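K.L.:
Pasting in a structure now, in structure tokens, and then I'll have a few things to ask.
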Amino acid sequence: MFQLKGIVPPVITPLHADETVDVEGLERQLNRLLDAGVHGIFFLGSTGEQPALRDAERAKALQVARRVVGGRAPLVVGVMASSTARAIDNIRAAELAGADAVAVTPPHYFPSRGEPEQLAHYRACAAASGLPVLIYNIPLTTKVMLAPDTMLRIAEGGNVVGLKDSSADFTHFLRVLSLFRPRDGFSVLIGTPAQGGAALLYGADGVVPGIANIDPQVMLDVYAAAQVMDVVALQRLQERVHRLVNLVSLGAPIVCIKTALELLGVCGPHAAAPLQPLSPENRERVAAILRELELL
């Protein structure tokens, strides 16, 4: 049975200036995360720019990921789309490419108007493939906050095996944990790194932290400390997490992460338009934080 736990970074998609996939940069980034010991790879999610990439580039990136990841960790692929039919197309493409699971959001652009539409969308997506399905709640981009009770009903489908909550609403997340705690084998993960340590202490199965693209070790240390309920260690680690959260707040988070990775020699800073490079001042602030954290 598929079950996702631990630190599962939402991997960036390195790009050239023409927005084609930087294959070598993607290989380096995946290998540095896997070599660090992450527990899974969340690929073509929001941090991976899935909605902004051309179809051919998404397919190329997924082929690279499947080849590099191999069996070293579970590969979860984001399939977000503006309609159920398009999401199903993305699910089938992910399945053909060898994904281990898919993460499904409510449709974006035309927001779903309540539980009946949300249930219909998820049930159709789950029925379209035998792949394990994760519910992906990210109201910032979908304009829909999936209610905890709705997620519980969605999870009645046999191949809905977990959820990632990126609502940044910790009270909402605690309600989700309460509802799903009796379900053995169902993975509940949080996508907000600043809340990761607390979420793990309350019983979350894992964290999907964008900052792990820059510093996977700190999030692995957060997970390890939470497993033994070492609150003192978590308090210390949280300060480092907050510095990284500050780093990715200096501009568009994707651009901040890619700028940090450029400074670390992993890949270029290019993101899909209309996202723009950081100002020289903020680029230097990124470098200063990296130096402060002894990453650069």
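The values are calculated or read from the model by the stated rules, or taken from the named source; none is laboratory data. If you're wondering where the values come from, they're calculated on a predicted model, not measured in any experiment. Backbone-built Cβ (ideal geometry, glycine too); neighbour counts: all protein chains shown.
K.L.:
Report yes if some residue within region 23-31 is over 13 Å from the mean Cα position of the chain (by Cα) and in a loop (DSSP other than H, G, I, E, B); otherwise report no. Before the answer, list the steps.
P.N.:
Within region 23-31, the first condition is being over 13 Å from the mean Cα position of the chain (by Cα), and the residues that meet it are 23-31.
In the following step, the residues that additionally are in a loop (DSSP other than H, G, I, E, B) were identified as none.
Scanning region 23-31 turns up no residue that is over 13 Å from the mean Cα position of the chain (by Cα) and in a loop (DSSP other than H, G, I, E, B).
Yes/no matrix, rows are residues, columns are (1) aromatic (F, W, Y); (2) within 30 Å of P116 (Cα to Cα); (3) more than 16 Å from the chain's Cα centre (by Cα):
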residue	(1), (2), (3)
D169	no, yes, yes
R175	no, yes, yes
S187	no, yes, no
I211	no, no, no
V231	no, no, yes
L234	no, no, yes
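K.L.:
Residue check: is L177 assigned to a strand (DSSP E or B) and either in contact with a strand residue (DSSP E or B) (Cβ under 8 Å, 6 or more places away or on another chain) or crowded, with 20+ Cβ neighbours inside 10 Å (or both)? I'd like the intermediate steps shown before the answer.
P.N.:
Numbers: assigned to a strand (DSSP E or B): no; either in contact with a strand residue (DSSP E or B) (Cβ under 8 Å, 6 or more places away or on another chain) or crowded, with 20+ Cβ neighbours inside 10 Å (or both): yes.
It is false that L177 is assigned to a strand (DSSP E or B) and either in contact with a strand residue (DSSP E or B) (Cβ under 8 Å, 6 or more places away or on another chain) or crowded, with 20+ Cβ neighbours inside 10 Å (or both).
K.L.:
Follow-up question, since we're still on this one. Looking only at region 49-59, which residues are under 17 Å from V69 (Cα atoms) and surrounded by fewer than 24 Cβ atoms within 10 Å (Cβ to Cβ)? Full working, then the answer.
P.N.:
At the first step, the residues of region 49-59 found to be under 17 Å from V69 (Cα atoms) are 58-59.
Listed by number, the list holds a single entry, A59.
K.L.:
Within region 139-149, does at least one residue satisfy the condition of being at pLDDT 95 or above, more than 18 Å from S46 (Cβ to Cβ) and either touching a Leu at 6+ places or on another chain (Cβ under 7 Å) or not in a loop (DSSP other than H, G, I, E, B) (or both)?
P.N.:
Within region 139-149, one or more residues are at pLDDT 95 or above, more than 18 Å from S46 (Cβ to Cβ) and either touching a Leu at 6+ places or on another chain (Cβ under 7 Å) or not in a loop (DSSP other than H, G, I, E, B) (or both).
K.L.:
Would you check if A199 is in contact with a Phe, Trp or Tyr (Cβ under 8 Å, 6 or more places away or on another chain), outside any loop (DSSP other than H, G, I, E, B), under 27 Å from K164 (Cα atoms) and at pLDDT 95 or above?
P.N.:
Criteria met by A199.
K.L.:
Step by step: first the residues of region 101-131, then only those that are of a type in the set (S, T, N, Q) and at pLDDT 95 or above, then the one that is surrounded by the most Cβ atoms within 10 Å (Cβ to Cβ). Which residue is that?
P.N.:
Kept after step one, since they are of a type in the set (S, T, N, Q), are these residues of region 101-131: 105, 112, 118, 129.
Keeping just the survivors that are at pLDDT 95 or above gives 105, 118.
Working: T105: 29, Q118: 22.
Applying the filter and picking the extreme gives T105.
K.L.:
Given the options E57, E49, E19, name the one that is out of contact with any strand residue (DSSP E or B) (no Cβ under 9 Å at 6 or more places or on another chain) and within 24 Å of G265 (Cα to Cα). Reasoning before the result, please.
P.N.:
Numbers: E57 fails: out of contact with any strand residue (DSSP E or B) (no Cβ under 9 Å at 6 or more places or on another chain); E49 fails: out of contact with any strand residue (DSSP E or B) (no Cβ under 9 Å at 6 or more places or on another chain).
Only one candidate passes the filter, namely E19.
K.L.:
Report the residue count in region 1-45 for those that are closer than 28 Å to I135 by Cβ and among the polar types (S, T, N, Q).
P.N.:
Here the count works out to 3.
K.L.:
Is it fair to say L237 is touching an Asp or Glu at 6+ places or on another chain (Cβ under 9 Å), of a type outside the set (G, A, S), buried (at least 20 other Cβ atoms within 10 Å of the Cβ) and in a helix (DSSP H, G or I)? Spell out the reasoning first.
P.N.:
Values: touching an Asp or Glu at 6+ places or on another chain (Cβ under 9 Å): yes; of a type outside the set (G, A, S): yes; buried (at least 20 other Cβ atoms within 10 Å of the Cβ): yes; in a helix (DSSP H, G or I): yes.
Here the answer is yes, as L237 does meet what is asked.
K.L.:
Of everything in region 203-223, what is farther than 22 Å from Y136 by Cα and surrounded by fewer than 16 Cβ atoms within 10 Å (Cβ to Cβ)? Give them in sequence order.
P.N.:
Within region 203-223, Q217 is the sole residue that qualifies.
K.L.:
Among (1) surrounded by 15 or more Cβ atoms within 10 Å (Cβ to Cβ); (2) not in a helix (DSSP H, G or I), there is one condition R183 misses while meeting the rest; what is its number?
P.N.:
(1)
K.L.:
Enumerate the pairs (first residue in region 1-13 and free of Cβ contacts under 8 Å to residues at least 60 places away in the same chain; second residue anywhere and of a type in the set (D, E, K, R)) with beta-carbon separation below 8 Å, excluding pairs fewer than 6 apart on the same chain, so at least 6 apart or on different chains.
P.N.:
Cβ pairs passing all conditions: T13/E49; T13/E57.
K.L.:
I'm checking my understanding of the structure. Among residues of region 151-174 that are touching a strand residue (DSSP E or B) at 6+ places or on another chain (Cβ under 9 Å) and in a helix (DSSP H, G or I), which one is surrounded by the most Cβ atoms within 10 Å (Cβ to Cβ)?
P.N.:
Here the residue is F173.
K.L.:
Moving on. Within region 248-282, how many residues are farther than 18 Å from N31 by Cα, in contact with a Pro (Cβ under 8 Å, 6 or more places away or on another chain) and either modelled with pLDDT under 95 or part of a helix (DSSP H, G or I) (or both)?
P.N.:
Here the count works out to 2.
K.L.:
Looking at G71, G40, G98, which one is farther than 16 Å from T142 by Cα, surrounded by fewer than 16 Cβ atoms within 10 Å (Cβ to Cβ) and in contact with a strand residue (DSSP E or B) (Cβ under 8 Å, 6 or more places away or on another chain)?
P.N.:
Numbers: G71 fails: in contact with a strand residue (DSSP E or B) (Cβ under 8 Å, 6 or more places away or on another chain); G40 fails: surrounded by fewer than 16 Cβ atoms within 10 Å (Cβ to Cβ).
Being farther than 16 Å from T142 by Cα, surrounded by fewer than 16 Cβ atoms within 10 Å (Cβ to Cβ) and in contact with a strand residue (DSSP E or B) (Cβ under 8 Å, 6 or more places away or on another chain) holds for just one of G71, G40, G98, which is G98.
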